[in-house]
Amino acid sequence: MNSPLSDADFENEVRRIARVKWPSARYSGAAMLEGRERDGIFETEESINFVEATVSAGAGKAREDTRKMFRAISSHNKTGVLKIAIGWFVTKNEPTADQRKEVQEHGKGQVKAVSFSQFQQSLVDVRGYLAARKTHFFGSVQSFSVGSRKPDIEFVEIGIKSITREVLFSLPELVNGVLSGGHYAITGQYGAGKSMVLREIFLRLEERYIKGGNSQFPVYINLREHSGQRDPVELLERHARNIGFDSPSSLIRAWRGGFVDLLIDGFDEIASLGVQGSWKKLRDLRMRALEGVRRLIRESTQCGVLVAGRAHYFEDDGELCQALGLSNATTLAIDEFTAEQVKAFLAKFPASTNNRKLPDWLPTRPLLLGYLAARGLLTEISDGSEELDAVEGWDYLLSRIYPREQDIEKNLDGTTLRKC
């Protein structure tokens, strides 16, 4: 659901949350009462809940809806039925001071004025989840300069193209596609930037949620933390514990209700497979290793899904979609940086080398370029690189890298590290 929202769209989303919030009233919804349509009436064993939803910020709308709900509550209380009656005035954005005043005056304490986010938070603390998730690592994303898990270089968009149609996809297109319930698989070589792309999509989906443009929120799962798991509920519970989110059960309710979009990183990292064995044996091993992920995706009704992993892990796209439980998925591949993207990327480093010509034999993958640029090695190899072929160039580059790495691995010298 994208912004801007119509009244009808917003009312439908509020009712969808209400059905998950009050599961015993999951077949309830809009109803006629006293000859007038009400946005929602949800009756459980303990309570009856009158719901009015609006995208309006006007005080008049708050006054009218609150009066309707208060009359309904008063009528219910006169019946003598021992159920609590509560009114919910739900607004797209935070209720204004004037709206709260009208609800307080005309609801007499029996009607609550809440924003859409607050109403959903009674189901799951979305902002709490998002805050906890951002303190945890995102796949292989890390700082190039200090080795932390928080990147110190601003994201530069890289080319993403459809494998079958040779069509380029922009990040906004992927964000909109995931929000619309689409299924996508992104493949790429080591260091191509898959995790950085997924992290950027996570941040953009978070921004859309915070702005109130949609009711879904992103859930980013590192599959390297879930080897051996076959049950999707257990997978989500472990994910919640790993990031420090204190209500795994609420995250599962939100997933069951279709309020999450899944970003799943590292389908090639969930198990270590041996290189020996027949083709069929390895295929069966991959299917078994990904059983939990496959069930999670297949049971994710109304959820957008984007998975990522290394190219050539599967035999073909057919096995990829089957093993991961993707339906009608668009398979995508990450390209290396173009010359323009290389320039934009390297310009973000303090000792910028973006005006230097890089040798043709050097791959333009973000991880490699970032590592070399952060350590000043790009300056060295770009000076006189025309005189070196690929073999000589890599020999020179490795001879410079490993002595630097021995400062990190104190027990081995650079020459020994290179032999390893």
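The values are calculated or read from the model by the stated rules, or taken from the named source; none is laboratory data. Predicted model only: the values in this text are computed from it and were never measured. No Cβ is skipped: glycine too gets one built from the backbone with ideal geometry, and neighbour counts run over all protein chains shown. With ligands, DNA and RNA removed, areas are computed over all heavy atoms of the protein, side chains included. Shrake-Rupley method; radii C 1.70, N 1.55, O 1.52, S 1.80 Å.
Key figures for this structure:
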item: Members of region 44-77 that are farther than 17 Å from residue 111 by Cβ and of a type outside the set (Gly, Ala, Ser); result: 44, 45, 46, 55
item: Residue list for region 191-207, filter: closer than 27 Å to residue 117 by Cβ and either in contact with a helix residue (DSSP H, G or I) (Cβ under 7 Å, 6 or more places away or on another chain) or in a loop (DSSP other than H, G, I, E, B) (or both); result: 200, 201, 204, 205, 206
item: Number of the condition not met by residue 168 [criteria: (1) of a type outside the set (S, T, N, Q); (2) touching a Gly at 6+ places or on another chain (Cβ under 7 Å); (3) open to solvent by less than 10 Å² (accessible area, probe 1.4 Å)]; result: (3)
item: Evaluation of residue 152 against (1) in a helix (DSSP H, G or I); (2) within 33 Å of the chain's Cα centre (by Cα) (one fails), failing number; result: (1)
item: Residue 198 vs. criteria under 30 Å from residue 88 (Cα atoms) and either modelled with pLDDT under 95 or out of contact with any Lys or Arg (no Cβ under 9 Å at 6 or more places or on another chain) (or both); result: no
item: Long-range neighbours under 6 Å by Cβ, at least six apart or interchain, first residue outside any strand (DSSP E or B) within region 171-190, second at pLDDT 95 or above and open to solvent by 60 Å² or more (accessible area, probe 1.4 Å); result: 175/204
item: Filter result for residue 204 (surrounded by fewer than 21 Cβ atoms within 10 Å (Cβ to Cβ), closer than 26 Å to residue 13 by Cβ and basic (Lys, Arg)); result: yes
item: Single residue of 304, 257, 318, 266 found to be among the small types (Gly, Ala, Ser) and more than 28 Å from residue 216 (Cα to Cα); result: 318
item: Candidates 65, 125 - the one that is closer than 26 Å to residue 217 by Cα and charged (D, E, K, R); result: 125
item: Answer residue from region 257-292, given it is open to solvent by less than 10 Å² (accessible area, probe 1.4 Å) and on the phi > 0 side of the Ramachandran plot and is modelled with the highest pLDDT among those; result: 266
item: Some residue of region 305-314 being farther than 18 Å from residue 133 by Cβ and either open to solvent by less than 10 Å² (accessible area, probe 1.4 Å) or touching a Lys or Arg at 6+ places or on another chain (Cβ under 6 Å) (or both); result: yes
item: Condition check for residue 346: in contact with a helix residue (DSSP H, G or I) (Cβ under 6 Å, 6 or more places away or on another chain) and touching a residue at least 24 places away in the same chain (Cβ under 8 Å); result: yes
item: Residue selected from region 221-256 under the condition open to solvent by 10 Å² or more (accessible area, probe 1.4 Å) and in contact with a Pro (Cβ under 8 Å, 6 or more places away or on another chain), by the criterion farthest from residue 17 (Cα to Cα); result: 241
item: Strands (runs of 3 or more DSSP E) within region 23-140 that include 1 or more residues more than 30 Å from residue 191 (Cα to Cα) and open to solvent by 30 Å² or more (accessible area, probe 1.4 Å); result: 29-33, 36-43, 84-91, 111-115
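Residue by residue, here is whether (1) modelled with pLDDT of 95 or more; (2) over 30 Å from the mean Cα position of the chain (by Cα) holds:
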| residue | (1), (2) |
| --- | --- |
| 55 | no, no |
| 75 | no, yes |
| 105 | yes, yes |
| 111 | yes, yes |
| 119 | no, no |
| 127 | no, no |
